[in-house]
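Undergrad: Right, I'll just put the structure down here and ask away after.
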Amino acid sequence: MSDKHPIYLDYSATTPVDERVAEKMCSYLTRGGVFGNPASRSHEFGWEAEAAVEEARKNIANLVGANPKEIVFTSGATESDNLAIKGVAHFYKKKGKHIVTCKTEHKAVLDTCRQLEREGYEVTYLDPEPTGLVDLGKLEDALRDDTILVSIMHVNNEIGVIQDIAAIGEICRNKKILYHVDAAQSPGKAPINLEELKVDLMSFSAHKVYGPKGIGALYVQRKPRVRLEAQMHGGGHERGMRSGTLATHQIVGMGEAFRIARQEMEVENRRIHALRDRLWNGLKDMEEVYVNGDLDQRIPGNINISFNFVEGESLLMALKDLAISSGSACTSASLEPSYVLRALGRNDELAHSSIRFSIGRYTTEKDIDFTIEHVRGAVEKLRELSPLWDMYKDGIDLDSIEWAAH
Amino acid sequence: MAVYLDHNASTPVHEDVLQAMLPVMQAMVGNPSSLHRFGRLQRDTIERAREQVAHLVKAHPDQVIFTSGGTEANNLLVKGMAASADINRIAISMVEHMSMLEPAADLGDECAVDYIAVNKDGKVTPHTLEQAIMPDTRLVSVMSANNETGVIQDVRTLAEIAGRKNNWFHTDASQAAGKIDVSFKGWGVHAMTISSHKLYGPPGAGALVIDKRLPLHALLHGGAQEHGLRAGTENVPAIAGFGAAAELAEKELSNRAVHALHLRNALEHGLAQMPSVTVFAQNAERLPNTVQFGVQGFDGETLLMQLDRMGIAVSSGSACTSGKTEPSHVLKAMGVPGELALSSIRVSFGKDNTIADVEKLLQALGEIIDTISKSAVMMAATV
């Protein structure tokens, strides 16, 4: 990827498919390969496809310490989040209609909760601490007798912070409340062991782990058993939890991506961590730059930085040779400041001046050095043009100014 | 290699389709929602595929909503319409695919469902439809062609009747698209389901084509993709493959149909020599590639296993209900006796099948029927 421009530093939005994954997928598509419908029970074309699906299921389960029977394939993490949250809410509605989540969750969780509010459920949206982490005491205070589900993510997509899902799980299990974790951003980056975690449901995505788009999974714990109301009907695939023809090549791709992640994550994360440190070390001596979210409780590949007195969109435009984003891809079309950074208590100006750099498998030192040089140059140039920057340099306290209304 | 005669379950991906998918999968990075150059290239790829798919079914690209497949498209239609305050009653045919029947059965109190009967040829007649539409029915759904029998419905006429009675009309064209002419505009329907892996595209992509006035609610939440009707990062390689497959299907449609019909006629000619065989819906207009038949006095599962052992891959009916021992709901709706329905075999040809495949099937079938009949006679004699 190096020497090609723009340099891709948007691995949290999506990753390229690993060549080994792509190669494997290709042998599950055409006449020369295994192309059957895994639901076909009457011939070897179907059986071969089914065997490939089960092999992939095992690879996915292995990376996260689950039993293969606990893995349900979906079309992606968005569907997994929808299935987990609506599935639980609909199944357990007689027990209660209260759900607890956090304001920094992905839209797939937040919008699903909003939908449930329209259906008569009540949702508590916790404020995170300024570090981006959820305070366990505050979480405990939010739980009620009629709370049926807590949904708090593992790794945040914008700021990369890692929540203490082990502790949250303990709290929920003690109160017999189900716990769902959106872990779309974590496989291969943060270790997961579902054998030990008190987590009932966990969402996964393939295309954030060098696997293909269009495929994800939901972990549904068997002991103690979690019940779900299916959201997609017609055929009873995936033990009735998710109907629809299984896309064998995509499942095979996801399995291979998870297998590779398990094998390589330790070495890879060390390398990526060093690249991130290199990036931050190259930028942190600049004036008025801030890291958003806890720097230590964070996956190696992410750093989210606010460049005060620079407008984020202008900075993105000035950095055309870098493929980066100001936050989530799913909300990138809107010019609103990131709701995640707002929830951390960042003011609009800082939230507006943020850039997410996400580093991955194909990022090189050269890419990072180029990035440092470009970002420094662009920020300096934009600040030269900024009257706010001038005022700040003149020692004027900008918060004390009363702006004239237009 | 075994002979594959189960194309209605799934088709292999066309070599040209794979070639169209590879660069998207391997060389292109990026999330189509991202604003940078990588993201924009992905977006362009999706929009090109949208045009190709729209073209195949004679709709406008803006009307195409990509989903993860036919099942999701049907679920979106049924549940997404029932969620509207305007829709309190729907009517669907009794021979629909499970991905229509099961979401409809799941609707509960919010929406009543009436089931439209078919005649012995598997067809919904204009008269039955008129009878099935109640004063408060607002949505009618009848599939374009059946996945088991291949029976083709007169969608244009049925849609017109539904329209006269102030109803929206949906048709599941998953099996029809790529095999016969399908026209969203020409048929006057308001919604249509299509699936990629039934027309030599990859599994994992499908579409609901909609009239923009349809009071449809989203099923998946968490992103504004697909006009807010389908959240989730788009499966760009599969969508690109779907588009390429749609374009190829349009180009090759008549050749494929002529070829399939040639094979189907040869098969039915051979089956006519076997007294215990009944072809279902033989008098109805059917998909050129599909033949479903029963073998009197035989168990379907046993036949399938014998055929598989002899290197021939067929099915009893829908792959989505395969492994179940109930007789097919489609055959039941047509009034086929339970025992005969349980002996059913569906043969669905593809573009790469040959006349030799037909001969191999006929010969194998003849042998199995012979052997089992003889052993049955011997059993009877010894008892």
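The values are calculated or read from the model by the stated rules, or taken from the named source; none is laboratory data. Just so it is clear, the structure is predicted and the values come from calculations on it, not from any experiment. FYI the Cβ positions are ideal-geometry reconstructions off the backbone, even for glycines, and counts take in every protein chain you see.
Undergrad: Scan (1) touching an Asp or Glu at 6+ places or on another chain (Cβ under 9 Å); (2) in a helix (DSSP H, G or I); (3) facing chain A (nearest Cβ under 10 Å) for the single condition B:MET21 breaks and write down its number.
TA: Of the numbered conditions (1) touching an Asp or Glu at 6+ places or on another chain (Cβ under 9 Å); (2) in a helix (DSSP H, G or I); (3) facing chain A (nearest Cβ under 10 Å), the odd one out for B:MET21 is (1).
Undergrad: Being assigned to a strand (DSSP E or B), without any contact (Cβ under 8 Å) to a residue 60 or more places away in the chain and either over 22 Å from B:ALA249 (Cβ atoms) or basic (Lys, Arg) (or both) is true for just one of B:ASP109, B:ASP114, B:ASP136. Which residue is that?
TA: Values: B:ASP109 fails: assigned to a strand (DSSP E or B); B:ASP136 fails: assigned to a strand (DSSP E or B).
Exactly one residue qualifies, and that residue is B:ASP114.
Undergrad: Step by step: first the residues of the stretch A:226-269, then only those that are touching a strand residue (DSSP E or B) at 6+ places or on another chain (Cβ under 7 Å) and facing another protein chain (nearest Cβ under 10 Å), then the one that is surrounded by the most Cβ atoms within 10 Å (Cβ to Cβ). Which residue is that?
TA: Only one residue tops the list, namely A:ILE251.
Undergrad: Same structure, new question: Restricting the stretch A:7-44 to residues that are more than 29 Å from B:PHE349 (Cα to Cα) and among the acidic types (Asp, Glu), which is farthest from the chain's Cα centre (by Cα)?
TA: Out of the qualifying residues, it is A:GLU19.
Undergrad: When you check B:ASP136 against the structure, is it touching a strand residue (DSSP E or B) at 6+ places or on another chain (Cβ under 6 Å) and buried (at least 24 other Cβ atoms within 10 Å of the Cβ), yes or no?
TA: Numbers: touching a strand residue (DSSP E or B) at 6+ places or on another chain (Cβ under 6 Å): yes; buried (at least 24 other Cβ atoms within 10 Å of the Cβ): no.
Judged against the criteria, B:ASP136 is not a match.
Undergrad: Which of the following residues is farther than 18 Å from B:ILE152 by Cβ, in contact (Cβ under 8 Å) with a residue 12 or more places away in the chain and surrounded by fewer than 21 Cβ atoms within 10 Å (Cβ to Cβ): B:HIS269, B:HIS217?
TA: Selected residue: B:HIS217, the only one of B:HIS269, B:HIS217 that is farther than 18 Å from B:ILE152 by Cβ, in contact (Cβ under 8 Å) with a residue 12 or more places away in the chain and surrounded by fewer than 21 Cβ atoms within 10 Å (Cβ to Cβ).
Undergrad: Could you tell me whether the stretch B:80-92 includes any residue that is part of a loop (DSSP other than H, G, I, E, B), more than 14 Å from chain A (Cβ to nearest Cβ) and modelled with pLDDT under 95?
TA: yes
Undergrad: Yes or no: the stretch B:235-244 includes at least one residue that is part of a helix (DSSP H, G or I), of a type in the set (Val, Ile, Thr) and within 30 Å of B:PRO32 (Cα to Cα).
TA: Checked the stretch B:235-244: at least one residue is part of a helix (DSSP H, G or I), of a type in the set (Val, Ile, Thr) and within 30 Å of B:PRO32 (Cα to Cα).
Undergrad: Regarding A:ALA77, is this residue more than 7 Å from chain B (Cβ to nearest Cβ) and on the phi < 0 side of the Ramachandran plot? Even if it seems obvious, please write down each step before you answer.
TA: On the way: more than 7 Å from chain B (Cβ to nearest Cβ): yes; on the phi < 0 side of the Ramachandran plot: yes.
For A:ALA77, the condition - more than 7 Å from chain B (Cβ to nearest Cβ) and on the phi < 0 side of the Ramachandran plot - is met.
Undergrad: Looking at the stretch A:24-62, which of its residues are more than 7 Å from chain B (Cβ to nearest Cβ) and not in a helix (DSSP H, G or I)?
TA: Correct list: A:SER27, A:TYR28, A:GLY32, A:GLY33, A:VAL34, A:PRO38.
Undergrad: How many of the residues making up the stretch A:63-82 are in contact (Cβ under 8 Å) with a residue 60 or more places away in the chain, part of a helix (DSSP H, G or I) and closer than 16 Å to A:ARG222 by Cα? Break it down stepwise before answering.
TA: At the first step, the residues of the stretch A:63-82 found to be in contact (Cβ under 8 Å) with a residue 60 or more places away in the chain are A:63-67, A:69-82.
When the remaining residues are screened for being part of a helix (DSSP H, G or I), the result is A:63-64, A:69-70, A:77-82.
Filter again for closer than 16 Å to A:ARG222 by Cα, leaving A:64, A:69-70.
Residues that pass the stated criteria total 3.
Undergrad: Quick one: in the stretch B:117-130, of everything that is touching a residue at least 12 places away in the same chain (Cβ under 8 Å) and in a helix (DSSP H, G or I), which residue is surrounded by the most Cβ atoms within 10 Å (Cβ to Cβ)?
TA: Among residues in the stretch B:117-130 that are touching a residue at least 12 places away in the same chain (Cβ under 8 Å) and in a helix (DSSP H, G or I), the one surrounded by the most Cβ atoms within 10 Å (Cβ to Cβ) is B:LEU129.
Undergrad: If you check A:VAL21 against the conditions, is it buried (at least 24 other Cβ atoms within 10 Å of the Cβ), in contact with a helix residue (DSSP H, G or I) (Cβ under 8 Å, 6 or more places away or on another chain), facing another protein chain (nearest Cβ under 7 Å) and over 30 Å from A:VAL150 (Cβ atoms)?
TA: Spelling it out, it is not the case that A:VAL21 is buried (at least 24 other Cβ atoms within 10 Å of the Cβ), in contact with a helix residue (DSSP H, G or I) (Cβ under 8 Å, 6 or more places away or on another chain), facing another protein chain (nearest Cβ under 7 Å) and over 30 Å from A:VAL150 (Cβ atoms).
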